[in-house]
Amino acid sequence: MIQDMNSFFDNPDIQGKSNKIWQSVDLEIYNNDNIVFQEDCRKISKKSKQLKMMTIQLGNEHIYDIKDQKISWLNITVAVMTTYKHDQFGNIIRIARNGKFLDLQLDDYVVFKNMMASRCLQTTFHDEFGVTKMIGKGSFAKVYFATKKQTGANYAVKAFNKEFMQEQFKGRESLENEIKVMRRLNQENLVKLYETYETQNSIYFILDILKGGELLTRVKQSPLSAPNLQKLMYNLMKALCHLHSKKCMHRDLKPENLLLKEKDNDTDIVIADFGLASFLNEDILFKRCGTPGFVAPEILLYKEGDPFYDEKCDVFSAGVIFYVLLTGKQPFQGGDYKSILRANKNCEVNYETKQIQSAPIQLVDLLKKMLCADPKTRVSSEECLKHPYFKEIFKEQDLIDIQESIRDYDKDFVYGLGKQQGPPSQITSIEWKNRYNGFIFKCIQQWISNKIRLETIIIIKQIQLIWKCQQIISSIRCKFTCNEKTLIIRFTQNSFKKFTVIIDQLIKQR
């Protein structure tokens, strides 16, 4: 039997007050979730110590318990997954949260374990990784160079000391938020979080290894050429456009948080450190935050009860970075903290430097539009990409990719907004259904005619999203696994017949 560890993320307000790990589901979230795994598995009953059948589904951030017409859920963002060998039942996966746990025996043990690895906390960091040296240090964490023993792949490991974080204001909540934000993002210029581990003393983020180091260090050694400055800013705005398409604000953009992928490339940057990032219309831990000299004026001016600022705050910070890279100076000067903050709040920018005076007109125009004090008239990240300054390097495909991200956002994470907005989110779900109805119907006809197979996979996944998984897949009691590209369903003869009946009914309804 495994030895349980109290998790850093256990909520003291919940721990010990209930003996149930499952909570009543929020149907708004469930209906918009992307189910990637389902199985009729077995759990070890705490009373009888025997196996008991249950049906589970795995979404983006939740596991669902499907029982008759009742659905319960467990948020697994910071749930702890461990595995052990049971004397009687073999390989078991334990999922623990707030002092409660669930022991599962699954036929697709490996598939489920691998899917959970990127969705929850694991405890086997020292068994799986070899740490070589420290390669960075920040205010809240240290970064190490590490190698995964099984594959030989190298990673950067960001290590947080649990005791130190516990002493910080909202340290537990802010670290959980950072994990949630990073897992929802997937773009080449945003640092990628692969897995998260918890040990007795530390929390570990497994991240991309970025060989180029900090952008600021590079430009101190060699200032950027005009073409490289243009390419770098384009990559930065492309990353922000993706971030903003997910309805997310970074809120702490500065040169120290921009890293380079390679030593021989000055423009391929990656945005790091999402400690202050937040999704719009979700609970926001810190409403006035950022780094003086880089923070948008609307954040500094914000007062409780005011209309909340939006993602354009990042465009302002990117404008400050643009200014620094162009001139080598901070736009907001001052002899001390207060004077810098005052200049920042008043948006007192000096455009009379020789570098700006001799710069191309389009560059200066974009810079001024990014550093506009009024967020209502400030350009958005998408408008920046379309600006004439980037005309030679702008790619329409970049915006197409971003639009696809927005669709993924609607599919995967719109529930985060819907939770507080209520009825508007229901309208979004209806629009989503209407948008795909024609496509599904066409694919269904082709599939039934046995003309093609690829569309079979697409069709089943879209049905799962629109008519909801439990209405079709669950009703025929078959197993499935899927990722972004494929869905594998394990039909029995009986379940296959049921599936075709349901498809026929859907066609007739149309």
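Report the number of Lys pairs in the stretch 107-154 whose alpha-carbons are under 23 Å apart, with separation of 8 or more residues or on distinct chains.
Values: Lys113/Lys148; Lys113/Lys149; Lys133/Lys142; Lys133/Lys148; Lys133/Lys149; Lys137/Lys148.
Lysine pairs meeting the criterion: 6.
Name the chymotrypsin sites (Phe, Trp or Tyr not before Pro) in the stretch 162-202 that are in a loop by DSSP and that have at most 12 other C-beta atoms within 10 Å, would you? Provide the component values of the computation, followed by the final result.
Working: sites: Phe164, Phe169, Tyr194, Tyr197; in loops: Phe169.
When the chymotrypsin sites (Phe, Trp or Tyr not before Pro) of the stretch 162-202 are filtered for loop state and at most 12 Cβ neighbours within 10 Å, Phe169 remain.
Please find the FRET efficiency linking Asp107 to Asp68, where r is the Cβ-Cβ separation and R0 is fixed at 25 Å, and quote it to the nearest 0.05.
Values: r = 22 Å, r/R0 = 0.87.
According to the calculation, E is roughly 0.70.
If you add up the charges near Ile356, with Lys and Arg at +1 and Asp and Glu at -1, over every other residue whose beta carbon is less than 12 angstrom from its beta carbon, what do you get?
Details: positive: Lys329, Lys354, Lys368; negative: Glu352, Asp365.
With Lys, Arg at +1 and Asp, Glu at -1, the neighbours total +1.
How big is the shadow of the Cα convex hull of the stretch 213-415, averaged over all directions, in nm²? Before the final figure, lay out each step's value.
Values: hull surface 47.6 nm².
The orientation-averaged projected area of the Cα hull of the stretch 213-415 comes to 11.9 nm².
Using the Kirkwood radius over Cα pairs, work out the Stokes-Einstein diffusion coefficient for the stretch 23-109 at 4 °C and 1.567 mPa s, in µm²/s as a whole number. Display every interim value, and only then the final one.
Numbers: Rh = 13.6 Å.
Estimated diffusion coefficient is 95 µm²/s.
Please give the net charge around Asp314, taking every other residue with its beta carbon less than 10 angstrom from that of Asp314, where Lys and Arg add +1 and Asp and Glu add -1.
On the way: positive: Arg251, Lys312; negative: Asp252, Asp310, Glu311.
Computed value for this residue: -1.
Taking Rh as the Kirkwood radius computed over C-alpha pairs, what is the Stokes-Einstein D of the stretch 77-201 at 37 °C in a medium of viscosity 0.692 mPa s, expressed in µm² per second?
It comes out at roughly 203 µm²/s.
For Asp365, what charge total do you get from the other residues with a beta carbon under 14 Å from its beta carbon, if Lys and Arg give +1 and Asp and Glu give -1? Write down the numbers at each step before the final one.
Numbers: positive: Lys368, Lys369, Arg378, Lys386, Lys391; negative: Glu383.
Local charge sum for Asp365: +4.
For the cross-link pairs Lys100/Lys312; Lys43/Lys170; Lys46/Lys247; Lys70/Lys287; Lys263/Lys391, which exceed 31 Å when the distance is taken from alpha carbon to alpha carbon? Walk me through the numbers before you get to the answer.
Details: Lys100/Lys312 41 Å; Lys43/Lys170 35 Å; Lys46/Lys247 42 Å; Lys70/Lys287 38 Å; Lys263/Lys391 27 Å.
Over 31 Å Cα-Cα: Lys100/Lys312; Lys43/Lys170; Lys46/Lys247; Lys70/Lys287.
Read-outs throughout are calculated quantities, based only on the coordinates presented, and are distinct from any laboratory measurement. Here the structure is a predicted model, which is why all the values come from computation and not from measurement. Methodologically, a virtual Cβ is constructed for each residue, glycine included, from the backbone with ideal geometry; neighbour enumeration extends over all protein chains shown.
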